[in-house]
Amino acid sequence: SDAIDAMVQAYEQDIGPMNGTRVVVRAWLDVSYKERLLENGSKAIDEMGFGGAEGSEIVVLENTAMVHNMVVCTLCSCYPWPVLGLPPAWYKAAAYRSRAVIEPRSVLREFGLELPDSVEVLVWDSSADVRYTVLPERPEGTDGWSESQLLEIVTRDSMIGVAKVKSPTADG
């Protein structure tokens, strides 16, 4: 039981989603890294020393002002553990897994994310072969921020695509 507790603690507190936030912030600050990340997510993530069985093939999807990506695993709960840690309970729930592909905007609204109709919502279905993660859009008002400041605002949910990274001027 101590070994299991230690593993759970490692994935919750040390491995992820802190690894994912480091990947996102590096991409925001380093254009050449961002290009490598979007071209071959697994390889670029491995550059930072993050890897493992659940991350052997990770595709990184970029959110922009016009495209919002959202990740689900409709079969079970395939998830990129090396960069996001343990999957949240809602990610594994049948309701999320089935509704995310059928009515993604409704699901996003339930997470508090209302997107304009002009934004295209793309849903990506992870599998045992390919896992997806999102490179969230960097919020306005963060130019000149330090790496440590940026690390504080990236969330696991923004890397799954059910949330955006909040602008420093946004309420809440």
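Here the simple spin-label model places points 7 Å from the Cα toward Cβ, and for ASP125 and LEU29 these points are separated by 3.8 nm.
For the chain, what is the mean residue ellipticity at 222 nm derived from helices alone (per DSSP H run of n ≥ 4: -39500 (n - 2.57); sum divided by total residues; nearest 500 deg cm²/dmol)? My calculation for the chain gives -10500 deg cm²/dmol from helical runs alone. Once the chain from GLU152 to VAL101 is taken as fully extended at 0.36 nm per residue, the excess over their C-alpha distance is 15.4 nm.
Charged side chains reduced to their Cβ positions (Lys and Arg at +1, Asp and Glu at -1) give region 1-113 a dipole of some 460 debye around its Cα centre.
Among the protein heavy atoms of the chain, carbon and sulfur supply 51% of the accessible surface, probe 1.4 Å, non-protein parts ignored.
Divide the volume of the convex hull around the Cα atoms of the chain by the residue count and you get 125 Å³ per residue. Taking amide hydrogens as placed 1.01 Å from N in the peptide plane, the amide H of LEU135 sits under 5 Å from those of LEU61, GLU62, ASN63, each at least 5 positions away in sequence or on another chain. Think of it this way: in the chain, CYS76 stand alone, with no other Cys Cβ under 4.7 Å. How far is the Cα center of region 18-88 from the Cα center of region 110-127, in Å? Cα centres, region 18-88 to region 110-127: 17 Å.
Compute the convex hull volume of the Cα atoms of region 97-172, divide it by the residue count, and report the result per residue in Å³ as a whole number.
118 Å³
Using a probe of 1.4 angstrom and keeping all protein chains present, the accessible surface of region 61-142 works out to 46 square angstrom per residue.
Projecting the Cα atoms of PRO136, LEU151, MET66 onto the dipole axis of the chain, where Lys and Arg carry +1 and Asp and Glu carry -1 at the beta carbon, places MET66 farthest toward the positive end. With 10 Å bins beginning at zero, the pair-distance distribution over Cα atoms of region 13-111 amounts to 15, 42, 35, 8 %.
The values are calculated or read from the model by the stated rules, or taken from the named source; none is laboratory data. The shown structure was predicted, so the numbers you read here are calculated from the model rather than taken from an experiment. With ideal geometry, Cβ positions are generated from the backbone for all residues, glycine too; neighbour counts draw on all protein chains shown. Only protein heavy atoms, including side chains, enter the accessible area calculation; ligands, DNA and RNA are left aside. Shrake-Rupley method; radii C 1.70, N 1.55, O 1.52, S 1.80 Å.
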